[in-house]
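Report on one structure; see the data block that follows.
The values are calculated or read from the model by the stated rules, or taken from the named source; none is laboratory data. This one's a predicted model, so the numbers in the text were calculated from it and none came from an experiment. Backbone-built Cβ (ideal geometry, glycine too); neighbour counts: all protein chains shown.
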Amino acid sequence: MPARNAAGGARIRVFAAWKVRLEGGRGQPVARVHSGRRPAAPAALARPVQRLQCAGGRGCGVLPGGGPRSRAGRGAGGGGGAFGRFERVSIGDKKAVLLLVKNPTGFNESLRLVLSTDGVKHLLLGLNSNGPDGRDVSWIWDVDFEACRGRIGYLAISGQRGKDLALRLKYAGVCDSCDAPEEFPAGPPADGEDMVQAFFRAIEQTPDTDTLYVLASYTALWALRRELVQQGYLDAFWRQVEAAGSVTR
């Protein structure tokens with residue numbers, strides 16, 4: 001609603017958003033942001049923080065010089081997941097979603113999203129401990145893996161710290177519910193090689209009607225994405241930026 005600032009100057013518009021909800025979760029999450037009396041603006045955003053950012057961006061659209069609201073709506077509706085932010089990839093008739101996880105909060109939020117729909121889930125978990133990932137991976141003991149009990153149809157574990165992850169899942173009582181055991185290469189894994197191999201094994205085990213969810217740390221996901229770009233399954237980052245820019249023109 002209009003309001004005057006403390007100095008009695010120009011009016012300032014106060015923006016509010018409500019009825020922000022997640023619709024979907026099977027590879028096409030949609031948030032609808034209601035603002036004032038205007039209809040909801042659908043936005044392909046998965047995590048709550050992204051939906052809040054969308055609401056803030058929509059608010060900027062009503063400020064002087066902020067650009068038309070319709071443009072903000074088109075941009076939100078045409079947006080997709082960036083690196084590891086519910087990034088979707090198709091391998092033939094198979095579907096996968098890439099989720100970057102780097103701390104307990106983000107991991108828990110990703111698991112909540114994956115488990116938000118009914119049915120058993122197909123998961124690939126990757127954990128490295130390179131510089132960008134952080135050397136200390138003890139934070140995995142703060143992740144609520146117990147929520148996955150009875151919900152896993154297929155589980156693959158990969159990465160330099162895959163054994164640490166497997167131990168955590170064992171104490172969470174998750175591995176007992178898996179159809180496929182975790183596999184580890186002999187000796188230190190090559191740069192991303194085991195993550196790529198694990199992904200293609202996992203996608204083959206995922207029915208066409210389901211989605212493979214990949215939850216991985218920075219360098220594990222980066223190695224996988226690099227291979228997917230080289231094989232033509234994903235666009236390079238600069239092409240994604242070009243496509244995103246064309247939405248708001």
If you go through the range 89-110 one residue at a time, do you hit one that is within 18 Å of the chain's Cα centre (by Cα), in a helix (DSSP H, G or I) and closer than 24 Å to residue 200 by Cα? yes
Looking only at the range 192-214, which residues are among the small types (Gly, Ala, Ser) and touching a residue at least 60 places away in the same chain (Cβ under 8 Å)? 198, 202
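Looking only at the range 117-159, which residues are of a type in the set (S, T, N, Q) and surrounded by fewer than 22 Cβ atoms within 10 Å (Cβ to Cβ)? Steps first, please.
Of all residues in the range 117-159, those of a type in the set (S, T, N, Q) come to 117, 128-130, 138, 158.
Scanning the range 117-159 gives 117, 129, 130, 138.
Please work out if residue 86 is surrounded by 14 or more Cβ atoms within 10 Å (Cβ to Cβ), over 18 Å from residue 157 (Cβ atoms) and of a type in the set (Phe, Trp, Tyr). Break it down into steps so the answer makes sense when it comes.
Numbers: surrounded by 14 or more Cβ atoms within 10 Å (Cβ to Cβ): yes; over 18 Å from residue 157 (Cβ atoms): yes; of a type in the set (Phe, Trp, Tyr): yes.
Taking the combined requirement at face value, the residue satisfies it.
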Counted residues in the range 104-121 being under 16 Å from residue 150 (Cα atoms) and of a type in the set (S, T, N, Q) come to 2
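Looking at the range 145-249, what helices (runs of 4 or more DSSP H) fall wholly within it and have at least 3 residues that are at pLDDT below 70? Before the answer, list the steps.
Values: elements: 162-171, 193-205, 218-230, 237-247.
The helices (runs of 4 or more DSSP H) meeting that bar are 237-247.
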Confirm whether residue 47 is at pLDDT below 90 and closer than 27 Å to residue 196 by Cα. yes
